[in-house]
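As structure tokens, the structure follows; a few thoughts come after it.
Each value in this text was obtained by applying a stated rule to the coordinates, not by laboratory testing. In this text the structure is predicted, and so the values were computed from the model without any measurement. Neighbour counts are summed over all protein chains in view; Cβ atoms, including those assigned to glycine, are modelled from backbone coordinates with ideal geometry.
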Amino acid sequence: MNTPTAPWQRQLAEAFSSIDALCRQLQIDPASLPLLPEFKDFPLRVPRGFVACMEKGNPADPLLRQVLPVQQELQQFPGFSLDPVGDLDAVAEAGVIHKYHGRVLLIATGACAVHCRYCFRRHFPYQELQLSSQKLDKALTYIAERDDIAEVILSGGDPLLLNDDKLENLLLRISAIAHVQRIRIHSRIPVVLPARITPALLETLAGLPQKVILVLHANHPNELSTEVGDACRQLAMHGVTLLNQSVLLKDVNDDSDTLCTLSEKLFGFGILPYYLHCLDRAAGVGHFEVTLNRARQLMQTLQQRLPGYLVPKLVQEQAGAAHKIRIA
Ligand SMILES: *Cc1c(COP(=O)(O)O)cnc(C)c1O
Ligand code: SF4
């Protein structure tokens, strides 16, 4: 059913991995950018569709800023570490993170379609934790043996990077566990690679007896192209509840106009704003941090300007905490 040359897989293979090629496409002189000289452990990766949403000739483009490896990543910030959210302490079984009540995270794959420079899992030892077929049995047994687990959250990496067959197999095995009532997918792929939302995937999702929730990760209204809108409409038509989680990022989306437009555009695509996430303090991402005071100010403006259902919850992850911390 799924061939290695599905259009989305071809697009993935054609993603930009060279700064020079990316700069040529965007008509920007690479010499004018404060580039990181060496970034092999977390290389440039950005699908062409996402690049098409960037403004040509603008080195400060908010989408470009999210993917461009820059010198500031070498800067040390106090309190920024390799495992900022305590994921390693919460690994219950290979590929299973059990730190939230009633729900577990399954690391379906370590790979992503895009490499976001602000990513809190950029140092995560995926190779050790991601689910090989041998480890999958144990992970599913862990879930099956605990009937207080009502929700399974596919995370990563990006779970939608699995091909249709693998994903269908995984979803069907999860859905066969009687006490699992909801299956949630956290993914940036509908935004950066909407062609991945294939008819086969839609059919699989629609056929699951559980409620399916897809939490997209969009940070800026410019990311929401017509193609993204079409993919989201398809998902909604197949019974998927769509939510969005953004990360608050300096010089990307830390102004109220951008955040208001994002919420309104998301709703136009059938997506409810869920979380506005404060940056997780991973080493190398400090230049993206927005102060808590500024974050609170922005929230106040959003509350003044938007209906309540378009105001995301401002939250922060705290190592060891059993839920995200809501910031008042
Ligand atoms: C926060 C988070 C979750 C689960 O938290 P909820 O409060 O249940 O939404 C799962 N995956 C990721 C990547 C998260 O950031
Ligand atoms: S898609 Fe998500 S997990 Fe992957 S690099 Fe971006 S923020 Fe990190």
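Of note:
- Reach of Lys56 by Cα under 27 Å, taken over lysines that are not fewer than 8 positions away in the same chain: Lys40, Lys250, Lys265
- Qualifying trypsin sites (Lys or Arg not before Pro) in segment 1-97, DSSP loop, other Cβ atoms within 10 Å at most 13: Lys40, Lys56
- Residue (of Ala206, Met299, Asn222) at the positive-pole extreme of segment 88-326, dipole from beta-carbon charges: Met299
- In segment 88-326, taking the dipole from charged Cβ atoms about the Cα centre, the farthest positive-side position among Val152, His287, Leu262 is held by His287.
- Rounded to 0.05, the FRET efficiency of the Lys56 and Leu292 pair, given R0 = 35 Å and the Cβ-Cβ distance, is 0.50.
- Modelled label reach - Asp255, point 7 Å along Cα→Cβ, segment 290-309 residues with backbone N closer than 13 Å: none
- With Cα atoms, 0 to 90° folded angle of helix 292-305 axis to the chain main axis: 80 degrees
- The charge dipole of segment 88-326, taken about its Cα centre with unit charges on the Cβ atoms of Lys, Arg (+1), Asp and Glu (-1) only, comes to about 460 debye.
- Label-to-label distance, nm, for residues given as Gln181 and Gln134 (7 Å Cα→Cβ offset): 3.7 nm
- Where a label projected 7 Å from the Cα of Gln71 along Cα→Cβ would reach, residues of segment 17-48 with amide N under 16 Å: 30-39
- Percentage, to the nearest whole number, of Cα pairs in the chain over 37 Å apart: 12 percent
- Relative contact order, whole percent, for the chain stands at 18, derived from Cα pairs under 8 Å and 6 or more residues apart.
- Pairs from Lys99/Lys166; Lys99/Lys135; Lys99/Lys324; Lys135/Lys324 whose Cα-Cα separation, in the structure shown, is over 21 Å: Lys99/Lys166; Lys135/Lys324
- For segment 101-201, the set of GluC sites (Glu not before Pro) satisfying both a DSSP loop assignment and a count of at most 16 other C-beta atoms within 10 Å is given as Glu145.
- Contour minus Cα-Cα distance for Leu33 and Ser17 (0.36 nm per residue): 4.1 nm
- Förster-model FRET efficiency, 56 Å R0, Gln318 and Arg10, C-beta, rounded to 0.05: 0.85
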